[in-house]
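Read the structure below first, then the notes.
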Amino acid sequence: MFTSFTNVASAQSNNIEIARLKQIHKLLDYRFLGGFYGFEKLFFQTVSYPDQARENCTLGIMIASFTVTCDGRIENIKIRNSLGKQLDNEVGKFLKATQGHWNPCQDKKFTHFEIPIQFTLKGTETDSTAAALVYEGGSAGYTCYPDSYYLKKAKQALEKGKGKKAQTYLETLIHRNPYETSYYKMLEQAMRSSGKKDKKKHKHKK
């Protein structure tokens with residue numbers, strides 16, 4: 001039976017995602033009072049989806065990176081793949097609210113956390129398999145473009161040699177799912193295409 005490279009890559013990606021989420025669940029079950037589901041419950045009690053972010057169709061997966069020392073102190077909070085100040089602040093507020101909810105530990109290997117947190121909107125098609133926590137906000141009041149729209153536009157721009165235009169669409173897709181490796185490969189292609197055009201412009205100027 002023939003299996004395409006795309007299907008193999010997709011299966012490998014799914015396996016990696018499953019392993020990553022299992023590890024997050026296991027670590028939170030050990031360190032957080034109430035385990036992963038206690039952590040999730042506090043998240044939904046603390047976080048809101050700002051109206052402006054919803055109205056701007058701001059959605060995607062941010063990665064909350066932080067350390068919880070073995071005696072329960074939260075340190076080194078960082079937000080990777082930022083979704084903007086408003087949503088970053090909501091997650092920062094939540095992480096501070098977890099203070100005092102951590103079990104002690106004896107080994108530093110149980111102190112570092114990287115939690116993928118997704119904000120998405122009802123009715124908008126986007127990949128939700130890579131996030132440990134998913135907040136689905138109400139509709140923006142109109143239809144936000146699905147992932148497939150940006151992917152189609154990126155491919156069309158690449159085919160036409162419009163690297164900079166493709167970059168814009170791909171950056172949106174990376175914000176929506178920073179774990180999808182195919183987006184980075186396409187982004188490299190777009191940057192190379194854009195670089196070639198810039199070189200041609202400089203030659204004409206001379």
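Evaluate the following for Ile24: is it among the β-branched types (Val, Ile, Thr) and within 18 Å of the chain's Cα centre (by Cα)?
Answer is yes for this residue.
List every residue pair whose Cβ atoms lie under 6 Å apart, where the two residues are 6 or more positions apart in sequence or sit on different chains, the first residue falls within the stretch 173-184 and is within 15 Å of Glu125 (Cα to Cα) and at pLDDT 95 or above, and the second residue, located anywhere, is assigned to a loop (DSSP other than H, G, I, E, B) and of a type outside the set (D, E, K, R).
Qualifying pairs under 6 Å: Arg176/Thr126; Asn177/Ala130.
Starting from the stretch 141-158, take each residue that is without any contact (Cβ under 8 Å) to a residue 60 or more places away in the chain and list its partners that are open to solvent by 70 Å² or more (accessible area, probe 1.4 Å) and in a loop (DSSP other than H, G, I, E, B), counting only C-beta distances under 6 angstrom and pairs at least six apart or across chains.
Pro146/Glu125
Every residue in the stretch 22-64 that is in a helix (DSSP H, G or I), closer than 23 Å to Asp147 by Cα and either touching a Ser or Thr at 6+ places or on another chain (Cβ under 9 Å) or free of Cβ contacts under 8 Å to residues at least 24 places away in the same chain (or both), please.
Asp51, Gln52, Arg54 - these are the residues of the stretch 22-64 that are in a helix (DSSP H, G or I), closer than 23 Å to Asp147 by Cα and either touching a Ser or Thr at 6+ places or on another chain (Cβ under 9 Å) or free of Cβ contacts under 8 Å to residues at least 24 places away in the same chain (or both).
Against the definition (at pLDDT below 95 and either out of contact with any Asp or Glu (no Cβ under 9 Å at 6 or more places or on another chain) or open to solvent by 60 Å² or more (accessible area, probe 1.4 Å) (or both)), how does Ile16 come out, yes or no?
It is true that Ile16 is at pLDDT below 95 and either out of contact with any Asp or Glu (no Cβ under 9 Å at 6 or more places or on another chain) or open to solvent by 60 Å² or more (accessible area, probe 1.4 Å) (or both).
The values are calculated or read from the model by the stated rules, or taken from the named source; none is laboratory data. Quantities reported herein were computed from a predicted structural model and do not represent experimental measurements. With ideal geometry, Cβ positions are generated from the backbone for all residues, glycine too; neighbour counts draw on all protein chains shown. All accessible areas refer to the heavy atoms of the entire protein, side chains included, with ligands and DNA or RNA removed. Shrake-Rupley method; radii C 1.70, N 1.55, O 1.52, S 1.80 Å.
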